[in-house]
Amino acid sequence: MKKTALILLAASALSACGGSDGSNGGSSSSGSSGGSSSSSSSSGSGSSSGSGSSSSGAAAQGLYCGSFTASVASSSSSGSSSSGSSSSSSSGAGISSALTFCGGTASSPVFFGMVEADGTAVFFTKQSSNFVLYAPDQLTDASFSVPVTAYGLNGSTVGGTPGGTDNGTFKGSATTSTGLSGSTTNLSGTFTDASNNIVGFLAASNAAAWNRASSLATVAGSYSATFIVGGTTYTPTLTIDGTSGAISGSDSTGCTYGGSVATPDTAHNDYTVSLTSSCLSGQTFNGIGAFFPAGLTNPNGVLSKAELKVGLTGGSTGIYLNLTATK
């Protein structure tokens, strides 16, 4: 099953993505004073499972904040529907936290996301009232044109169907700008749908939060989340074991959950996640995410509780899972 990495899209490029958390990453501003821009080169691919440290990899690897400008085509693309989806309207349940992290609001959302060292990538956007997850093929090169699948989140319309899917192309590039504050990777590109209509344009810069080290001990604990699949709202409480990475949990409706968390690149804020639920036909959802500690400052305030933000796909369904620490 194709792995995924998390990126969330919207309307404002912000150097403050990643916040004042004491990390020593470079500036995330794409307009550094005195900087020059040149294309990055891919330097191989890394493992995305298990634990390890990666110092090289895909040209676009990183955690991003930026802008996503939607096209009129985003409301009229064609595609196949997600089985079991019956919701006729979208909901931002659980998704707004990622929008606000980079400084967005309900009326002006932002881009948020991540590309792993091996080029695995996933994108979330808000297009009009619809929340969409994009899962492209690996972005291993500095310039790319790869297939991408769009998933309607929480009943959002994609491919003309609530909770539907659509296949298209993501074409763009990753470049490096160097300024007084260091080097920053900038990601830009265009999304098209199955009919080759332009859906939207992306422009984003790597966030300092990418340079925070990852470990199972860091994310160990109990979390709550809310997401919608097929018109049904799920509100699980999940526990992550700090030694094995095992996920376990349940919700008030009697659904049980399992899965795992791994750290493929311990030098960066990079977590791979798998999740299953007894109420979702045994489907395994796979993806990646990033961790943000309590006290982290972002453009809209300070996080009162730690969050693990994860993008998942399984079958014809996409999920944005914002895991919020219960204490």
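Being within 18 Å of Tyr234 (Cβ to Cβ), in contact (Cβ under 8 Å) with a residue 24 or more places away in the chain and out of contact with any Gly (no Cβ under 7 Å at 6 or more places or on another chain) is the requirement here; does Gly287 meet it? Give the derivation first.
Values: within 18 Å of Tyr234 (Cβ to Cβ): yes; in contact (Cβ under 8 Å) with a residue 24 or more places away in the chain: yes; out of contact with any Gly (no Cβ under 7 Å at 6 or more places or on another chain): no.
Taking the combined requirement at face value, the residue does not satisfy it.
Which residue, of Lys126, Lys171, is over 21 Å from Ile288 (Cα atoms) and touching a Phe, Trp or Tyr at 6+ places or on another chain (Cβ under 9 Å)? Walk me through it before giving the result.
Details: Lys126 fails: over 21 Å from Ile288 (Cα atoms).
So the residue among Lys126, Lys171 that is over 21 Å from Ile288 (Cα atoms) and touching a Phe, Trp or Tyr at 6+ places or on another chain (Cβ under 9 Å) is Lys171.
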Self-check item: 1 or more residues polar (S, T, N, Q), open to solvent by 20 Å² or more (accessible area, probe 1.4 Å) and touching an Asp or Glu at 6+ places or on another chain (Cβ under 9 Å): qualifying strands (runs of 3 or more DSSP E) within the stretch 163-222
Solution: 165-179
Quiz item: Between a first residue in the stretch 245-263 that is farther than 21 Å from Val115 by Cα and among the aromatic types (Phe, Trp, Tyr) and a second residue that is assigned to a strand (DSSP E or B) and open to solvent by 20 Å² or more (accessible area, probe 1.4 Å), which pairs have beta carbons less than 6 Å apart while being 6 or more apart in sequence or on different chains?
Solution: Tyr257/Gly249
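Could you please let me know if Gly155 is surrounded by 21 or more Cβ atoms within 10 Å (Cβ to Cβ), of a type in the set (Gly, Ala, Ser) and in a strand (DSSP E or B)? Outline the logic, then answer.
On the way: surrounded by 21 or more Cβ atoms within 10 Å (Cβ to Cβ): yes; of a type in the set (Gly, Ala, Ser): yes; in a strand (DSSP E or B): no.
Answer is no for this residue.
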Quiz item: Can you name every residue in the stretch 279-305 that is surrounded by fewer than 21 Cβ atoms within 10 Å (Cβ to Cβ), under 22 Å from Tyr151 (Cβ atoms) and touching a Phe, Trp or Tyr at 6+ places or on another chain (Cβ under 9 Å)?
Solution: Cys279
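I'm trying to understand the selection: among the residues of the stretch 128-140, which are crowded, with 24+ Cβ neighbours inside 10 Å and either outside any strand (DSSP E or B) or not β-branched (Val, Ile, Thr) (or both)?
Going through the stretch 128-140, the residues crowded, with 24+ Cβ neighbours inside 10 Å turn out to be 131-136, 139.
Across the stretch 128-140, the qualifying residues are Phe131, Leu133, Tyr134, Ala135, Pro136, Leu139.
The values are calculated or read from the model by the stated rules, or taken from the named source; none is laboratory data. Quick caveat, the model's predicted, so the values are computed rather than measured. All Cβ positions, glycine included, derive from the backbone under ideal geometry; neighbour counts span all protein chains shown. Please note that ligands, DNA and RNA were not included when accessible areas were found on the heavy atoms of the full protein model with its side chains. Shrake-Rupley method; radii C 1.70, N 1.55, O 1.52, S 1.80 Å.
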